[in-house]
Each structure stands twice: as structure tokens, then as C-alpha cells.
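Before any comments, here is the structure.
The values are calculated or read from the model by the stated rules, or taken from the named source; none is laboratory data. Everything numeric here is computed off the predicted structure, so don't read it as measured data. Reconstructed Cβ throughout: ideal geometry from the backbone, glycine too, with neighbour counts over all protein chains shown. Quick note on the areas: whole protein, heavy atoms, side chains included, nothing else; ligands and nucleic acids left out. Shrake-Rupley method; radii C 1.70, N 1.55, O 1.52, S 1.80 Å.
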Amino acid sequence: MATRRPNRQLNLLNLQPFYLVFFLLFTLTNAKANTTTEQIFLSNQVQQLLTVSNEMLNAATVNSLAEKIFSKSELYSNDVIAKISLLSAQVASNQGDINNVLLFTEKGLAVNGLDKSVKLSLLLKLAEVYAARKQYTQLLELTQKTVEESTLNQNVKYGLLALSYRSVAFSMLGEHQKALADLQQVEQGLSKSDLSEHIESLTILALAYHYLSDYQTSLTMQLKILKLRFEIEQKSNIAQTYLYLGYAYFYLGRFDDAYNAFWEARKAAELKFAPINIAHAEKGLGLVLLTQEEFVKSFPHLQRANQIFYQHNMLSSQIENLVALAKAKLENNETIEGNALLEEIITLLDGKDISLEYVGFYRMVATMYYSQNNFKRAYFWLTRYSQGLLEKYRTIKKKAGLVSQLSQQTVSKVSSLPIDESKRLALKLAENSELSSSFVGKYNKQRLIIISLLSTVLILLIIIALLFFRYRAKKISLTYDEVDKPSYAMSSSSQTKSYYQSLFKKARHFQYPLGVGYIIIDNWQELAFHFNKKTINEVKQEIAIFINQHLAEFDYAGVLSADEYLLLFEYQNNKEVDTKLKKLVQAINTRAFANLGDFSVIMKYAINTPGFKDIDPYLFLARITESVKNEQPKKLTVS
């Protein structure tokens, strides 16, 4: 027995390595099976997301999926890597993050997947980056290749988008005849495509006219795109449409419309949790307020935009935004903060040139150094400012030269210039898309529309009738009030100021003369000291009667304060008004007021007519009142 026990132990020891190897093999096989299952599941998710509309992609879902796949990219095929890169690029595009669009596009193209449609989509994403960064030579080279590949693969959708981008490149490089040829092909293709594809192509073309500084054409197209989005319920990326609308309005000088468009863009971006689009909208709001000289109000918008641009490493956008913020600070006399921002921008530029739209930055820096008595640095930046202005002038001249050159060409009277024909065709495409969307579901909704219209008309008729009777009753009431109005009645101070302000703006807008007369009782304090309130009120009533009697039918008089009166004379010059006021003041100054005894009323007056330099009605009135209060009372004699 003593000899058999060690043999049994030895056998058990011999079996242990076998069990260990078996356990390890089982664990590895199970892990591999789990990994394979996860790969299949995630790959299927990627494939499903490719069927979703680009604008409807959920950013959180795509980002989570991309993180899992990219972290173990060696386990996935090149096609899966290319597809998840495309989805990530599209999500970045929806959020306005052009840096990440480029990053994911390059990652997707680098793996060289076999799926041709995915490759074409990635090439179009790269075209989007080139167009946004205004790299038109690279855009032309890329789109030439993309058009050829889409033709070989007979892919109409990608072919249309490639042609749209190529027409942008041709337009920006001055080859308008070729741009027109591409647009004609786009027109033929859009007639057979889905309305959602119209939005993509039209947006690309609208941006081209924006970059050509043809903001009116860009605005017209963006408005049609906005209408199209509402009609086909494709509002996911509506924030970007509002942004483009805002900048079109801004450059056309329609600042209130621009502000509203940027406001809508921010609201839509916040609903989509798209921080970069929010930043662009905040920047737009800040620029509008800055242009309208609302400097303090522009601060929070520009500061919020700057914070987001910094967080997402949007360097060029951050620099442009900081220039606007620095200008707002300096204009608001916050010199220390403004100069600190200028120093920060210089550091961020790192010797590079700023975009031509913000060339005024150089002048601000030169002014800063000049105020610090650093004349050498001031001269350096002033030189850069001059060079920037010259380059900006050349760019504008080049754009104008393209049109001028085309207009000098010998063309038939029947034919149009290529650039004009391109513009006409682009607007026609937008118009056709708008019409197409208008007829979608028209037959099914016809009865509902008719019923709604009848109901609306009936309600409007009732409202109009009620308003008519209300207006008539009010008019009758006002007529009776006018008849019963005493001869000493005058407009109150608030009514007088309100009427004066509206009349001042009206005269300035329509450019007709407005005589503004100001009368003050010079010895008012003396009268108020010697007589009681009842006597003073009686004197004021007599003065009001005198003033009303000396006014013509369309003249106006009102009270500014207890001792001040404002008289307004439309379409009358200073000489006519001076004659009227002189007679009026003379009549009051020479009148014996029975209830004042030996005291008399001494009045002074002044008149003036606002000129084109007079913008603020109250500043203008203040100058008149000061001139009267500072002068000696006029001694009026009676012959």
C-alpha cells in the first residue's frame, strides 16, 4: 500500500498540464467567438445606418459605434472602416465641424475599401471640405475624378452632386461656360431624382453664388431651399440653411432679417445639440449687433462662440470671432481687454495672414502699438494692413473682371452670357424643386385645404365686420370728443414727445422741412412764487388759448413741462415759422393778465429745422432749449 500511493499522486500530477491546456484553449475559443459575435453585430449596425438619410443620423449612436470599431480596427475589414468613417464624417458635417469631416474622410479613403458607392461618398465629403475652405483648384481636380468614377459606376445621385461641386469650382475659377454645361446636366438629372437630393445640390450651388459675392442670388436660392425643407419635412439640418440665409441678409445690409435668421439657426442647432452650428449662429448674432453698434449686447454672443470654437479646435473661426470681440471691446472703450484680445490673436496667427474679410485687424493692432508709442511695430502692422487692403481690392476687382470680360465678348443678341445663363439656370432649378414639392400630396389634401380656406374666410369676414363696427364707434366717439374739446386743451408732455419723435423721423425719411418751435415762460419761477396754484392754472389756460388761436389748421402745439411748449410746423421754413412765433410771443408778452396784477408773463422762443446730420430728435431739441435758456430775454416793443 505504501508503494501504490505515490504512483497515484504522480498520475494526477501528469494530468494537470492537460487540464490547463484544455482550459486555456476553451477560454481562447470562447473569447474569439464573443469577439466574432461583436464584430458581426457592429458591422450590421454600420450597414443599417448607411440606409438612414444623412441628415437623420443620430450623432450619439454613430460616435459610440465609431469609438468601438476604431479602438479595435485590426479586427474589421477595410470596407467596415470606410463605412464607419463615412458615417462619422456625415455626423461631423451635420454639426458644422469641418475639421472632423476632413479627419474622418481621409481615414476612410486611406483604407481603400472595395465598396465604390462608399468611396464616392467619401470623395464628395472631401469636396465639401475643399469648397468650405475655398480651395477651388483642389476641388476641380477632385470633382473631375469623382464625375468620371460616378459615370463608370452609373451612379446618378453621386454624379449629380459631383457635377454640382464641379460647377462651383468652374464658377469660382472663372470658367463660366463649363459651369453652365455642368448645370444643364444637373437640371436634367434633378428632374428624375428624389426631392431630398434637390436640397443637397441646390445648397452647393447657392454657396457658390455666396462665395462669388452674388448675395441676392444666394438669398433667393436659400429661401427656396428653406421652403422646400418645410414642405418635404426635412428639417434636421435646417440650422445650416438659416445660417446661410443670415449671412446673405447680413452682406445685403438687411441686419434685422439677418439677426432673425441667426436666431432661428441657433434655436435649431440647440435642438440638435450641434455645438459648432450654435457657435456659428452666436458669431452671426454678435456680428449683427456689432454692426448696429450694440457693443455690450454683442459680448455674450461672441464670448460663447469663442468658447465653443476653442473647445473644438476651430482655429480659423476662433480667430475671426476674436477679431469681432476685440473690435467690440475697443469700440466700447474697454481698451485693456481689447488689446489683450489682439495680442492673443497675434499669437494664434503665428505669423500667418488673416482672411481678407477681417483685414481691419491689422489696423487695430497698428493703432494699439501707436498708442503704446511703439512706432516701429505700428508701422509694421500698418504696412500689413495696406497690403491686405490691396489684396482685397485685387480679389474684388478679379471677380468684377470676370463678369466684365464676359460682357465684352461678341455674343449673339439671342444668347445670354454664360455667367448670366448659369445664374438663370440655378434659379430655375430652385424654382422647379419648389414647384415639385408643392404638388406632393396635393390631391389627397385638396378637400382639407378647401374646407380650411372656407373656414378661414368666414372667420376673417366676422373679424373684419367686428373691426369695422369698432372703428366706426371709435371714430364717432373721437368726433364728439373733438367737438367738446375746450379751447385751452393741449397735448400732455408724453403725447407731445411721442408725436414729435414720430414727426421728426417722418420728416427725415421723406426729406421735407419741419419747423420746430420752442417757447418757455422765462419768469415762471417768479410767478409760481407769488401766486397760488389756481391763479397759475388760469394763466396757463389763457396762454394755451392764445397759442391755439395763432396756429393754422395743420400746425401742432403741445406741453413739454409746466413752463415749456413745443410747436411743430410741417412743410414750413424757418422764416415762416419765425414770423408766427414772433407774433405769438409778442402778443403774450404785451398782454395784461388781470389775475396777475402788476406782473406780466415774459416768454422767449427759438426755432430750427433739422438737417440731414440731425439723427436723434431729443439731441436736436436739447440744442434748441439750451440756446433759449442761455440767451437774454428779447425786449419786444409795441408800436
### Query
Residue by residue, what Karplus-based ³J(HN,Hα) values in Hz, rounded to whole numbers, does the range 365-380 have, using 6.51, -1.76 and 1.60 with θ = phi - 60° and x for Gly and Pro?
5, 4, 4, 4, 5, 5, 5, 8, 6, 9, 5, 5, 5, 4, 5, 4
## Note on the structure
Note, the range 243-259: 3J(HN,Hα) by Karplus (6.51, -1.76, 1.60, θ = phi - 60°), whole Hz, Gly/Pro = x, goes 4, 5, 4, x, 5, 5, 4, 4, 6, 8, x, 9, 6, 5, 5, 4, 4
### Query
How would Trp524, Trp381 line up by accessible area, probe 1.4 Å, largest first?
Trp524, Trp381
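Classify the range 101-188 as rounded, prolate or oblate, taking a ≥ b ≥ c as the square roots of the eigenvalues of its Cα gyration tensor: rounded when a/c is under 1.5, otherwise prolate if a/b is larger than b/c and oblate if not. Let's see the in-between values first.
Values: a/c = 2.57, a/b = 1.33, b/c = 1.94.
Because a/c hits 1.5 or more and a/b fails to exceed b/c, the range 101-188 counts as oblate.
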### Query
What's the center-to-center distance, using Cα atoms, between the range 495-565 and the range 230-285 in Å?
49 Å
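Around Ala279, with a cut-off of 15 angstrom between Cβ atoms, what is the net charge of the other residues, counting Lys and Arg +1 and Asp and Glu -1? Display every interim value, and only then the final one.
Numbers: positive: Arg266, Lys267, Lys272, Lys283, Arg304; negative: Asp97, Glu270, Glu282, Glu320.
Surrounding charge for Ala279 is +1.
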### Task
Check each of the trypsin sites (Lys or Arg not before Pro) in the range 484-561 and keep only those in coil by DSSP with at most 13 other C-beta atoms within 10 angstrom; list them in order.
none
### Task
Report the convex hull volume per residue for the range 513-639, counting only C-alpha atoms, in Å³.
115 Å³
### Centroid-to-centroid separation of the range 36-70 and the range 106-148 [C-alpha atoms, Å]
22 Å
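Using unit Cβ charges (K, R positive; D, E negative) and no other charged atoms, how large, in debye to the nearest 20, is the dipole of the range 195-242 about its Cα centre?
Working: 4 positive and 5 negative charges, 28 e Å.
Taking the Cα centre of the range 195-242 as origin, the dipole is about 140 debye.
Below 8 Å between Cα atoms, with a sequence gap of 6+, how large is the relative contact order for the range 149-246 in percent?
Taking the mean separation of contacting Cα pairs over the length of the range 149-246, I get 22 percent.
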